[in-house]
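Heads up: the structure comes next, in structure tokens.
The values are calculated or read from the model by the stated rules, or taken from the named source; none is laboratory data. In this text, all values refer to a predicted model and were calculated from it rather than measured experimentally. So basically every Cβ, Gly included, is an ideal-geometry build from the backbone, and we count neighbours across all protein chains shown. These area figures cover heavy atoms from the full protein model, side chains too; ligands, DNA and RNA do not enter into them. Shrake-Rupley method; radii C 1.70, N 1.55, O 1.52, S 1.80 Å.
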Amino acid sequence: METIFTRIIKGEIPCYKIAEDDRFFAFLDISPIAKGHTLVVPKLQNDYIFDLEDEMLAEMMVFAKKVAKAIRQNVECARSGVAVIGLDVPHTHVHLVPITKAGDLDFTKKRVELSSEEMLNLSSAISGSVNL
């Protein structure tokens, strides 16, 4: 059965796309813990990150690095925090979250609310800074 992320990649469900290449896809989280919170997923549907082949895992992290740099250029933060939880959607995904302190990477805190216009402007700004 296809995951919501596979359907997003296929364009069946709209998203605020940040970047895409032949193997990976990045888009803004629609329920972010911080402005600029982005998900990086492989196009190959896979449930658990450590079941990925070594080469694909390495390439995914290099792709995520490029996205993280673009986030940092467009969102005020000290770093892009990285988290892999993988319990909510059975499709490997890496969270890139703009942070200024360790507590900013708390997935139990209240989510940030951004308008559609803010999400669109943010995705356009970040995507325009990604160097793939």
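Some notes on this structure:
- Test: residue in segment 109-116 that is under 14 Å from the mean Cα position of the chain (by Cα) and either surrounded by 16 or more Cβ atoms within 10 Å (Cβ to Cβ) or under 19 Å from residue 24 (Cβ atoms) (or both): no
- Put simply, of 81, 86, 103 the only residue that is surrounded by 13 or more Cβ atoms within 10 Å (Cβ to Cβ), small (Gly, Ala, Ser) and more than 20 Å from residue 9 (Cα to Cα) is 81.
- All positions within segment 1-19 that are within 17 Å of residue 67 (Cα to Cα) and either small (Gly, Ala, Ser) or open to solvent by 70 Å² or more (accessible area, probe 1.4 Å) (or both): 17, 19
- Looking across segment 62-78, the residues that are open to solvent by less than 100 Å² (accessible area, probe 1.4 Å) and touching a residue at least 12 places away in the same chain (Cβ under 8 Å) come down to 63, 64, 66, 67, 68, 70, 71, 74, 75, 77, 78.
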